[in-house]
Every structure is written in structure tokens, then in C-alpha cells.
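S.K.: This is the structure I want to talk about, given as C-alpha cells.
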Amino acid sequence: MPNPSHAPAIAHSQPVSGPTADDSLPQRRLPQVEQLLQQPFLAGFIHALSRPLVTQAVRETLSELRQSEAFRQHGVAPEHIEALIAKRCQQQLRQRQTRVINATGTLVHTNLGRSPLSADLWDEVRDLNTGYNNLELDLATGKRGGRKGLIAPLLRCLTQAEDSLVVNNNAASLFLLLQEVAKGREVIVSRGEQIQIGGGFRIPDILALSGAKLVEVGTTNITTAKDYLDAITDQTALVLMVHKSNFAIRGFTESPDIGEVARALPEHVVLAVDQGSGLTTEEFAPDETSVRQYIKAGADLVCYSGDKLLGGPQSGIISGRSDLIKRLEKHPMMRTFRPSRIVYSLLERLLIHKLNKSPIGEGIAQRTLSNPAAMQARASQLMAALPGCFVPVPAQLVVGGGTLPDEFYPAPALECTDPRPAQQLLDALRELPVPVIATVRQQKVLLNMATLLQTEMDLLIAQLNELLLPASINATEES
């Protein structure tokens with residue numbers, strides 16, 4: 001069976017133009033589509049891409065050949081047709097979801113799926129999701145129930161919030177909150193917090209789409225509690241504080257104490273925080289305000305991601321006052337934003353493990369930063385397995401994913417001694433059966449040990465053994 005993680009090998013065991021065709025001679029007639037689909041070199045592609053997609057690739061290739069001047073004048077060799085079709089299929093195969101090895105040093109890498117889930121956590125919910133479950137069934141009464149299961153009480157223990165709900169992602173959390181609480185009314189936001197995150201998600205744009213009216217206060221670097229309070233009118237629905245997820249402002253800056261703002265707000269104004277990162281009990285970011293700290297300080301609602309520091313599946317969570325959460329749950333858009341049973345089950349089990357202080361409940365950032373010796377051990381393992389291929393160098397890791405933009409942590413890295421140009425080697429790593437995603441520093445390819453998983457080390461070594469040229473061989477060839 002073909003390996004589903006990469007392109008199948010291209011075989012040329014049979015001619016494509018009939019039993020008497022000579023593969024070395026150009027043919028002036030193109031083979032039929034069905035005839036090509038029966039050839040062994042396409043079997044792996046059909047398994048990996050589906051027969052309809054491969055059929056489309058064959059038809060498009062034949063159409064381009066038929067219209068080419070070179071074919072009209074000279075014909076085409078059967079092996080050239082195979083190569084063109086295989087190349088098109090390979091290009092499609094590279095677009096498919098596939099496993100990669102992260103050697104970038106960015107733990108929560110948005111392009112690489114953010115936080116990798118614990119294999120033990122995944123195994124725990126496998127049977128629950130491959131069969132039927134009680135997603136919306138109250139087992140006590142036999143009647144229809146809610147979707148949240150234990151998530152709300154578990155989050156109450158973790159954050160001290162009265163209630164919580166889960167949606168697809170944190171952007172959905174914020175949009176739902178604005179639609180329900182502030183549509184047609186004013187929302188006060190500091191000028192220094194009108195951020196843009198990846199994909200063009202801009203706070204002012206989201207406010208406009210939700211039907212809320214943006215009221216700017218303060219300046220880029222300084223916003224005080226008085227700025228918020230002076231901007232309040234009878235039309236003010238919400239004060240929104242937003243986490244600076246992907247940048248930092250240094251120097252002459254000032255931000256208000258959220259408790260001071262909460263205590264001074266009139267009763268009709270809701271205080272909401274887009275906390276973003278999902279920091280709860282993690283210990284590596286003492287300067288980051290946790291969800292619990294915001295709740296304790298008086299925030300009415302806090303939005304955050306379930307798949308960043310928390311370490312769960314992609315999701316957005318809103319925690320806070322029970323009356324406001326119930327309003328959000330009844331909003332017509334909630335059905336649009338609610339996640340699947342896979343997300344609910346993974347998040348529920350993760351929270352149980354987190355509250356029990358089990359390693360399964362730790363996100364990738366906590367697991368990595370609490371065990372620096374494991375990073376060094378991976379470096380030693382690679383250097384011992386592939387002597388002469390690497391030079392150890394100091395590097396840094398970042399948490400990433402729009403979490404801690406100004407925090408860098410030490411991490412070991414290995415610099416490849418391979419003589420090929422850095423970009424060429426970087427491309428070759430991405431072309432491996434299981435692609436390896438690395439970085440370049442000073443024209444040298446680096447493998448950062450922070451983001452390698454121990455379970456993939458044997459595979460990584462096997463792949464690099466076929467690809468990399470050790471420094472000792474380089475020196476011999478040069479002499």
C-alpha cells in the first residue's frame with residue numbers, strides 16, 4: 001500500500017501506448033485517458049488523491065500536450081507523458097494535509113497546526129468519536145440536553161468564572177460577544193489595542209461587522225483608566241481590552257489596572273477582555289495575565305483560545321458572568337459558531353487532566369519549557385547518529401501563535417554542515433517523505449531542538465541520513 005504521507009514512487013514497468021509501443025520513440029497519437037489510468041505508475045496517486053482527481057490531471061496533461069507545437073511537429077515519447085502526469089499529481093499531493101516535522105523553534109506554529117495534541121489525549125476520545133455519543137442527550141432524563149457536558153464546571157474550577165461556552169475559535173468568540181452585547185451601541189477600545197492579527201483580522205473591522213460603534217481612547221502608548229471613564233455615555237455598551245498578541249510597545253507606556261476600571265464602570269457597561277493566549281495555570285509567563293486573574297480583577301467576560309497555551313483543539317472560549325454567557329448561548333449566531341463533538345470531547349478530557357496536574361493536560365509550550373534537558377538530549381542524539389553533519393549552536397525558541405510576542409527562551413540548535421546553498425537544502429528538507437520545516441540563519445540551515453518531538457526522532461534520523469552530507473565527506477571531496 002502506498003505511503004499516504006508522501007508522493008508514491010513513479011514506476012515505468014509498462015508502456016502507455018499499447019503492447020507494441022516502443023517507449024524510446026516519440027508517438028504522434030496520444031493514449032486514451034482510461035488506458036493511462038490503468039498504468040502502474042498511477043496506482044499510488046489514485047490511492048492518495050482519488051481516481052477523479054487523477055483523471056482530471058491526466059486529461060489536463062493530455063490537453064496541454066495536444067495543443068503544444070512540439071507535439072504537433074515531433075510527437076511525444078510515452079515516458080514523457082508519464083513524467084508530465086506524475087509531476088502534476090505530485091503538485092496536487094503537496095497540497096494535501098500531511099504530517100510535518102517542526103524544526104523552526106516556534107512551538108505554537110499557526111502554519112503547522114498550532115499545538116500538537118497529546119497522543120494519549122487523542123486515544124482517550126477515539127471510541128467516543130468513532131461511535132455514537134451523548135453530545136446532546138441528557139442521560140439522566142433521556143431527553144435532549146446541552147452540548148457543553150462538563151466543560152463549564154471544569155472551566156469554573158480552572159478560571160473561577162461563573163460559566164463558559166465554546167465556539168470555533170477566538171475570533172468567533174469576539175464577534176459573538178460584540179454582536180450580542182454591543183450591536184448598535186458604543187464599544188470603547190484603546191488606540192494601542194486596535195490590533196491586526198493574521199489573515200487580516202482587524203479589531204476595528206470586526207466591530208463594524210458586528211454592528212457596534214468604535215470609540216477610540218488614549219494614545220498608541222498610553223491609555224489610563226480616566227480615558228475609559230471619560231468616554232462613557234448612555235450609548236456605551238462595552239469596554240473592550242485587547243491582548244497585544246503579536247507585537248510589543250516599549251519605553252514610555254502606561255496601561256490601566258483592570259480592577260480600577262472594573263470598579264469604576266457604571267452598571268450598564270460590560271467589561272470584556274480579549275485575552276487571546278489562553279494562559280491559565282502555565283508557569284513560564286509570569287508577566288502574562290491569566291484568564292483567572294482577569295476574572296478575579298472584575299472582567300465580566302474573557303475570550304481566549306483553546307489551542308494555544310491551553311494546548312487543546314482549535315476552539316475559542318468565553319468565560320465570565322453566567323447571565324451574559326446564557327445570552328450568548330441563545331444568540332442565533334451561536335449555532336453557526338458551535339464546534340463539533342471532536343472539539344468538545346478533546347477539550348473536556350484536556351481540562352480534566354489539567355486540573356489533575358497530569359502531563360497529558362499540559363500544552364506543548366508548558367511541556368517543552370519545563371524540560372530543557374530533553375531539548376539538549378535530542379541534539380546529542382542527532383549528532384551521535386549523524387556524525388559530521390551538524391555543529392551545535394545556541395538559539396532561541398518562541399511560543400508563537402500570537403501569544404507572547406516579546407518573550408524568547410534559550411534553546412539548542414544544530415547547524416547543518418552540508419555544502420549546498422541554504423535555500424536548496426531548505427527546499428530539499430521540505431521535499432522529504434515527511435517534510436522537515438527548518439529555518440536559515442546567516443546562510444546556514446538550522447534545526448531547532450525545541451520543537452522536535454521525541455516520537456519522531458528515529459524517523460528524522462532515517463530521513464536525514466539519506467539527505468545530508470557530513471562535513472568529513474565535504475572536506476574529502478574538496479581536497
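The values are calculated or read from the model by the stated rules, or taken from the named source; none is laboratory data. This is a predicted model, so every value here is computed, not measured. Because the Cβ atoms are built from the backbone with ideal geometry, glycine has one as well, and the counts that use them run over all protein chains shown. Ligands, DNA and RNA are excluded from the accessible area calculation, which covers all protein heavy atoms including side chains. Shrake-Rupley method; radii C 1.70, N 1.55, O 1.52, S 1.80 Å.
S.K.: Only one of (1) of a type in the set (A, V, I, L, M, F, W, C); (2) farther than 30 Å from ILE342 by Cβ; (3) open to solvent by 10 Å² or more (accessible area, probe 1.4 Å); (4) not in a loop (DSSP other than H, G, I, E, B) fails for LEU238. Which number is that?
M.R.: In the conditions (1) of a type in the set (A, V, I, L, M, F, W, C); (2) farther than 30 Å from ILE342 by Cβ; (3) open to solvent by 10 Å² or more (accessible area, probe 1.4 Å); (4) not in a loop (DSSP other than H, G, I, E, B), LEU238 misses (3) alone.
S.K.: For MET383, which of the numbered conditions (1) surrounded by 17 or more Cβ atoms within 10 Å (Cβ to Cβ); (2) in contact with a Phe, Trp or Tyr (Cβ under 8 Å, 6 or more places away or on another chain) fails to hold?
M.R.: Of (1) surrounded by 17 or more Cβ atoms within 10 Å (Cβ to Cβ); (2) in contact with a Phe, Trp or Tyr (Cβ under 8 Å, 6 or more places away or on another chain), only one is false for MET383: (1).
S.K.: Of everything in region 364-409 that's among the aliphatic types (A, V, I, L, M) and not in a helix (DSSP H, G or I), which residue is farthest from THR281 (Cα to Cα)?
M.R.: Among those residues, the one meeting the criterion is LEU386.
S.K.: Something else now. Only one of these conditions is not met by LEU139: (1) of a type outside the set (Asp, Glu); (2) open to solvent by 30 Å² or more (accessible area, probe 1.4 Å); (3) touching a Gly at 6+ places or on another chain (Cβ under 6 Å). Which number is it?
M.R.: It fails just one condition, (3).
S.K.: Of ALA70, ALA103, which residue is within 30 Å of GLU407 (Cα to Cα) and either over 38 Å from the mean Cα position of the chain (by Cα) or in contact (Cβ under 8 Å) with a residue 24 or more places away in the chain (or both)?
M.R.: That would be ALA103, the only listed residue that is within 30 Å of GLU407 (Cα to Cα) and either over 38 Å from the mean Cα position of the chain (by Cα) or in contact (Cβ under 8 Å) with a residue 24 or more places away in the chain (or both).
S.K.: When residues of region 369-425 are filtered for being among the aromatic types (Phe, Trp, Tyr) and on the phi > 0 side of the Ramachandran plot, how many remain?
M.R.: Initial filter on region 369-425 (among the aromatic types (Phe, Trp, Tyr)): 390, 408-409.
Right, trim to on the phi > 0 side of the Ramachandran plot and you get none.
Count: 0.
S.K.: Step by step: first the residues of region 410-434, then only those that are among the acidic types (Asp, Glu) and outside any strand (DSSP E or B), then the one that is least open to solvent (accessible area, probe 1.4 Å). Which residue is that?
M.R.: ASP418
S.K.: Being loosely packed, with under 15 Cβ neighbours inside 10 Å and outside any loop (DSSP other than H, G, I, E, B): is that true of ASN129 here?
M.R.: Here the answer is no, as ASN129 does not meet what is asked.
Conditions tested, residue by residue: (1) open to solvent by 60 Å² or more (accessible area, probe 1.4 Å); (2) in a helix (DSSP H, G or I).
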{"position": "CYS89", "(1), (2)": "no, yes"}
{"position": "GLN92", "(1), (2)": "no, yes"}
{"position": "GLN95", "(1), (2)": "yes, no"}
{"position": "THR104", "(1), (2)": "no, no"}
{"position": "ASN111", "(1), (2)": "yes, yes"}
{"position": "LEU117", "(1), (2)": "no, no"}
{"position": "LEU121", "(1), (2)": "no, yes"}
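S.K.: Can I ask one more? Just need a number here: residues in region 286-341 that are touching a residue at least 12 places away in the same chain (Cβ under 8 Å), assigned to a helix (DSSP H, G or I) and either under 23 Å from SER370 (Cα atoms) or of a type in the set (Phe, Trp, Tyr) (or both).
M.R.: The qualifying residues number 4.
S.K.: Output the residues belonging to region 201-219 that are small (Gly, Ala, Ser), touching a strand residue (DSSP E or B) at 6+ places or on another chain (Cβ under 8 Å) and surrounded by fewer than 17 Cβ atoms within 10 Å (Cβ to Cβ).
M.R.: Selection gives ALA208 alone.
S.K.: Tally up the residues in region 341-380 that are of a type in the set (Gly, Ala, Ser), at pLDDT 95 or above and open to solvent by 30 Å² or more (accessible area, probe 1.4 Å), please.
M.R.: The total comes to 3.
S.K.: Additional query: Here are the criteria: (1) at pLDDT below 95; (2) over 29 Å from ASN356 (Cβ atoms); (3) open to solvent by 20 Å² or more (accessible area, probe 1.4 Å). Tell me which single one GLY259 does not satisfy.
M.R.: (3)
S.K.: In region 176-200, which residue that is closer than 30 Å to LYS326 by Cβ and open to solvent by 40 Å² or more (accessible area, probe 1.4 Å) is nearest to the chain's Cα centre (by Cα)?
M.R.: So the first thing to find is which residues in region 176-200 are closer than 30 Å to LYS326 by Cβ, and the list is 176-190, 193-195, 197.
Right, trim to open to solvent by 40 Å² or more (accessible area, probe 1.4 Å) and you get 180, 183-185, 194, 197.
On the way: GLU180: 28, LYS183: 31, GLY184: 34, ARG185: 34, GLN194: 23, ILE197: 14 Å.
Applying the filter and picking the extreme gives ILE197.
S.K.: Among (1) in contact with a strand residue (DSSP E or B) (Cβ under 8 Å, 6 or more places away or on another chain); (2) over 30 Å from ILE195 (Cα atoms), there is one condition LEU432 misses while meeting the rest; what is its number?
M.R.: Among (1) in contact with a strand residue (DSSP E or B) (Cβ under 8 Å, 6 or more places away or on another chain); (2) over 30 Å from ILE195 (Cα atoms), the lone unmet condition for LEU432 is (1).
S.K.: Taking GLU60 as meeting all but one of (1) over 35 Å from the mean Cα position of the chain (by Cα); (2) charged (D, E, K, R); (3) part of a helix (DSSP H, G or I), write down the number of the exception.
M.R.: Failing condition for GLU60: (1).
S.K.: Ok, one more. Residues being open to solvent by less than 60 Å² (accessible area, probe 1.4 Å) and either without any contact (Cβ under 8 Å) to a residue 24 or more places away in the chain or in a helix (DSSP H, G or I) (or both): count how many of those fall in region 438-455.
M.R.: Total meeting the criteria: 3.
S.K.: Before we move on, is GLN443 touching a helix residue (DSSP H, G or I) at 6+ places or on another chain (Cβ under 7 Å) and of a type in the set (S, T, N, Q)? If you could, list the steps in order and put the result at the bottom.
M.R.: Values: touching a helix residue (DSSP H, G or I) at 6+ places or on another chain (Cβ under 7 Å): yes; of a type in the set (S, T, N, Q): yes.
Against the criterion (touching a helix residue (DSSP H, G or I) at 6+ places or on another chain (Cβ under 7 Å) and of a type in the set (S, T, N, Q)), GLN443 qualifies.
S.K.: If I ask for residues that are open to solvent by less than 20 Å² (accessible area, probe 1.4 Å) and at pLDDT 95 or above, which ones from region 456-478 would you list?
M.R.: Within region 456-478, GLU456, MET457, LEU460, GLN463, LEU464 qualify.
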